[in-house]
Each structure stands twice: as C-alpha cells, then as structure tokens.
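Every read-out reported here was derived from the displayed coordinates using simple, explicitly stated rules and does not represent laboratory data. Please read these numbers as outputs of a predicted model, since none were measured by experiment. As a convention, Cβ positions derive from the backbone with ideal geometry for all residues, glycine included, and neighbour counts pool all protein chains shown.
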Amino acid sequence: MQNQNFEQYYTIPEVAKILKKSKSFIYDMINQGKLEAIKISERGTRTYKSAIDKFIKQQMDITYSKPYNKSVVQPPKKGRKHNVTA
C-alpha cells in the first residue's frame, strides 16, 4: 500500500474567504513572498493549507510582538465633548 501524503490545497477565492480578506490582498501577499503559492495554469493559482497556517502564524507573531501603546487611542476625558467638524 502506498503512503498517500496529499495535502489539501485552496484556490485564491477560497483563501480570501478563509482569511476574511480580499482576493487582491491575497495576490499581494503572494507577490510579496509572504504567502507561498503555486501557479498551475495561466489563470490558476493554488496554495496549500500548511502555507496558510504558516502565514497566519507569521502575522500573529508580528501583531503580538509589538508592545501595546495606550497613547495611540485615548478616550475623551469625562465631561468633555468630542471635537467633531463637518
């Protein structure tokens, strides 16, 4: 009996749906080398589940390695109105 190590692969629209991003974002990540993919035809690109998992892990490492900076977003002081201009 042969050892069948087939990994699941996804189309770009499927990856976009999984990651809740646009197809153009996924293509940008592929072109930047941040998401591994293979070109199977002129109009067909696929990426493997392991590549998606690796991409997610890298993004989480980048996001959570930054210290939290409370000075970026400050709620208004109590009793003061927002400065809203039209």
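Segment Glu42..Asp28, full-extension length gain: 3.3 nm, with 0.36 nm per residue of separation and the alpha-carbon distance subtracted.
Taking the Cα atoms of the stretch 9-65, the ratio Rg/Rh between the radius of gyration and the Kirkwood radius comes to 0.96. Using a Förster radius of 25 Å, what is the FRET efficiency between Gln58 and Glu7 based on their Cβ-Cβ separation? Nearest 0.05, please. E(calc), rounded to 0.05, equals 0.85. By the rule of a C-alpha distance below 17 Å, with chain neighbours fewer than 8 residues away ignored, the aspartates and glutamates paired with Lys39 are Glu7, Glu14, Asp28.
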